[in-house]
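Student: Pasting a structure here, questions to come.
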Amino acid sequence: MTPSKDSPRPAGAGRAPGVEPARRAGRPTTAVLTPAGITAAAIRLIEVQGAEFSMTALGRALGVAPSALYNHVAGRDGLLTLVQDELMGHVDVSGFGTSHVVVALRRWAESYRQVFARHEAMVPIIAVLPVTGSPRTVDMYELVAEHLVAAGFPAADVMPTIVAFESLVFGSAMDTNAPETIFDTSGHPRPTPAFDEARRAQAATGTPSADASFGWGLERLLAGVEAGLPSEA
């Protein structure tokens, strides 16, 4: 049955994601925009447009004037900080304090990679974004540092260790979505027998190259951490 022009529209019909119901007459009971809705919309937009996204495009995606966004976020940099904080909140740090520090580091790194493999477009942004204003990010770093030091790991090695793990995580997250032909040497003017044999040998294991590379690097980083712990840790 075709509804008449006077039939009521379903609740929420035509509303842009991240935008609350329209205000009724009088003082509004809820904000038209919410920081959580803006953040979610920004993540979706960045995944399409990458680091070149604009507040104008975000406003358009939300169906509001760009100026309305500034009532909720401190400009583009503030928005990126919200995005960073949201994504870091999905990284599993539950192993710290409940497991041996090496076990906790493995769980943390694997979860970290999974989060950013799902949001690959964020990697070039988040990898160089200051942590100021992102409490979840700072708390994550503090937790890792605290448990490394508590286990007897040299304090001077903590920052290089965190950065080394993140370098592996971010690079592998991007590698996860690389095309299968990324290492195709066909058309190269000279033979590459050693490299070709290495590719065939790895393919024969049945493990995707990105997973194998991440696992190889992770185990060696973890071995380095374990070697830096006191023997009784």
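Student: Tell me whether the stretch 188-207 contains one or more residues that are assigned to a helix (DSSP H, G or I), touching a Ser or Thr at 6+ places or on another chain (Cβ under 7 Å) and polar (S, T, N, Q). Steps first, please.
Tutor: The initial filter retains those residues of the stretch 188-207 that are assigned to a helix (DSSP H, G or I), namely 193-204.
Filter once more, keeping what is touching a Ser or Thr at 6+ places or on another chain (Cβ under 7 Å): 195-196, 202.
Right, trim to polar (S, T, N, Q) and you get 202.
Within the stretch 188-207 (the criterion being assigned to a helix (DSSP H, G or I), touching a Ser or Thr at 6+ places or on another chain (Cβ under 7 Å) and polar (S, T, N, Q)), the answer is yes, since at least one residue qualifies.
Student: Among the listed residues 150, 223, which satisfies the condition of being open to solvent by less than 70 Å² (accessible area, probe 1.4 Å), of a type outside the set (S, T, N, Q) and closer than 23 Å to residue 95 by Cα? Let's see the steps before the verdict.
Tutor: Numbers: 150 fails: open to solvent by less than 70 Å² (accessible area, probe 1.4 Å).
On inspection, the qualifying residue turns out to be 223.
Student: Can you spot a residue in the stretch 168-181 that is surrounded by 15 or more Cβ atoms within 10 Å (Cβ to Cβ), assigned to a loop (DSSP other than H, G, I, E, B) and on the phi < 0 side of the Ramachandran plot?
Tutor: As a first pass, look at the stretch 168-181 and keep what is surrounded by 15 or more Cβ atoms within 10 Å (Cβ to Cβ): 168-176.
The next check asks that each one be assigned to a loop (DSSP other than H, G, I, E, B); those that pass are none.
Looking for residues that are surrounded by 15 or more Cβ atoms within 10 Å (Cβ to Cβ), assigned to a loop (DSSP other than H, G, I, E, B) and on the phi < 0 side of the Ramachandran plot, one finds none in the stretch 168-181, hence no.
Student: Residue check, residue 165 against (1) open to solvent by 30 Å² or more (accessible area, probe 1.4 Å); (2) touching a residue at least 60 places away in the same chain (Cβ under 8 Å), all met but one. Which one?
Tutor: Looking at each condition in turn, residue 165 falls short on (1).
Student: Test each condition in (1) more than 23 Å from residue 33 (Cβ to Cβ); (2) of a type in the set (D, E, K, R); (3) at pLDDT 95 or above for residue 136 and report the one that comes out false.
Tutor: Against the list (1) more than 23 Å from residue 33 (Cβ to Cβ); (2) of a type in the set (D, E, K, R); (3) at pLDDT 95 or above, residue 136 comes up short only on (1).
The values are calculated or read from the model by the stated rules, or taken from the named source; none is laboratory data. On a predicted model such as this, the values are computed, not experimentally measured, just so you know. For neighbour counting, all protein chains shown are included, and Cβ atoms are generated from backbone atoms with ideal geometry for every residue, glycine included. Quick note on the areas: whole protein, heavy atoms, side chains included, nothing else; ligands and nucleic acids left out. Shrake-Rupley method; radii C 1.70, N 1.55, O 1.52, S 1.80 Å.
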